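The values are calculated or read from the model by the stated rules, or taken from the named source; none is laboratory data. Just so you know, these numbers come straight off a predicted model, no measurement behind them. Cβ placement follows ideal geometry from the backbone for every residue including glycine, while neighbour counts extend to all protein chains displayed. Each accessible area value is taken on the protein alone, full model and side chains, heavy atoms only, with ligands, DNA and RNA left out. Shrake-Rupley method; radii C 1.70, N 1.55, O 1.52, S 1.80 Å.
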Amino acid sequence: MKIDMLGPFSAAIAGVPITPSARKPRRILALLALHAGKAVPVSAVVDEVWGAAAAPKAHITVQTYVLQLRNFIGQALKDPRAARDVLVTRPGSYALLVGEGTVDVHAYDRLCAQGQSAFETGDDAAAAALFREALALWKGRALDGVQDGPALGLEAMRLEQSRTDVLERCLTAELRLGAGERLLPELSALVEEHPHHEALHGLLMTALARSGRVSGALSVYETVTARLDERFGLLPSPDLLRLGQELRERAGQASHHA
């Protein structure tokens, strides 16, 4: 089985799609996939699908949806009975039992954890490679095509924030490895996409400065400073202020020696 959640939600067995077209069964499959290998209480499924609007007998409807999911799985496996070993019923809960690496989110989290460990120990080459491998798993917006409930909505938010954080760490590691010039197009596109993200602007400023474009780095600094003031009435962070001051001093020294 292959389940993709880092982009359009999809599930397939040996290339045969098993993703329900109906919204509620699709949401249940996504919830079970998120917790693959673990029991998910029926009450949690009900909360995810209906919330406070759940009918007294919503658990019976959940049973019907689980049966539909098993039918999809059984058809893909060409063995209806085998589906019960994949989507199993446990006391008061259901569990989706799949192999390691089946769900892209789980592979992503493992790679990110390994990359973070390398990052914290100063192994920038390993960190950058692991972070890039993790980021390559993304194909679009997290859980695209799944109507958010409480748990899935929070997970989508976590994943999107993680994606930005991991990209920032990856670029930081690559800059420390001397990849400033190569990263300029990517960083320029990122600050356009995230016009108020100070860390990404700081990375672009650093890359420009290390490529001999101090005036360009200062222009980026002035732009993000103006945006922060205009949008939020805020000054830049201490780190960005410090970087801006360093760039001004470098520009002044270059002007003095010209």
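Of note:
- Stretching the chain fully between R110 and R248 yields a gain of 45.6 nm (0.36 nm per residue, less the alpha carbon separation).
- The residues neighbouring T102, those whose beta-carbon lies less than 14 Å from its own, together hold a net charge of -1 under the Lys/Arg +1, Asp/Glu -1 convention.
- Using θ = phi - 60° in the Karplus curve 6.51 cos²θ - 1.76 cosθ + 1.60, the 3J(HN,Hα) couplings for the stretch 30-47 round to 5, 5, 5, 5, 4, 10, 3, x, 10, 6, 10, x, 4, 4, 5, 5, 4, 4 Hz; x is entered for Gly and Pro.
- In Hz, Karplus ³J(HN,Hα) per residue of the stretch 109-126 (6.51, -1.76, 1.60; θ = phi - 60°; x = Gly, Pro): 5, 5, 5, 5, 5, 5, x, 5, 4, 5, 4, 6, 8, x, 8, 5, 5, 5
- Built amide H within the under 5 Å cut-off of V40, gap 5+: Y94, A95
- Proximal lysines relative to K57, as straight alpha-carbon distance under 22 Å, when same-chain residues fewer than 8 apart are discounted: K24
- Accessible heavy-atom area order of F9, F232, highest first, probe of 1.4 Å: F232, F9
- For the stretch 56-72, 3J(HN,Hα) per residue [Karplus equation, 6.51 cos²θ - 1.76 cosθ + 1.60, θ = phi - 60°, Hz, x = Gly/Pro]: x, 10, 4, 4, 6, 5, 4, 4, 5, 5, 5, 4, 4, 4, 5, 4, 4
- Averaged over its residues, the stretch 104-258 has an accessible area of 53 Å² per residue, based on protein heavy atoms and a 1.4 Å probe.
- Seen from all directions on average, the stretch 101-185 presents a Cα convex hull projection of 6.1 nm².
- Set of aspartates and glutamates near K139 by C-alpha distance (under 13 Å), chain-local residues within fewer than 8 positions excluded: D4, D104, E160
- Cα Rg, Dmax (largest Cα-Cα span) when computed across the chain, Å: 23.7, 81
- Cα-based Rg of the stretch 113-258 normalised by 2.2 N^0.38 Å, two decimals: 1.18
- Relative contact order of the chain, pairs being alpha-carbon contacts under 8 Å that are 6 or more residues apart, as %: 18 percent
- Portion, in percent, of the accessible area of the chain that falls on carbon or sulfur, probe 1.4 Å: 54 percent
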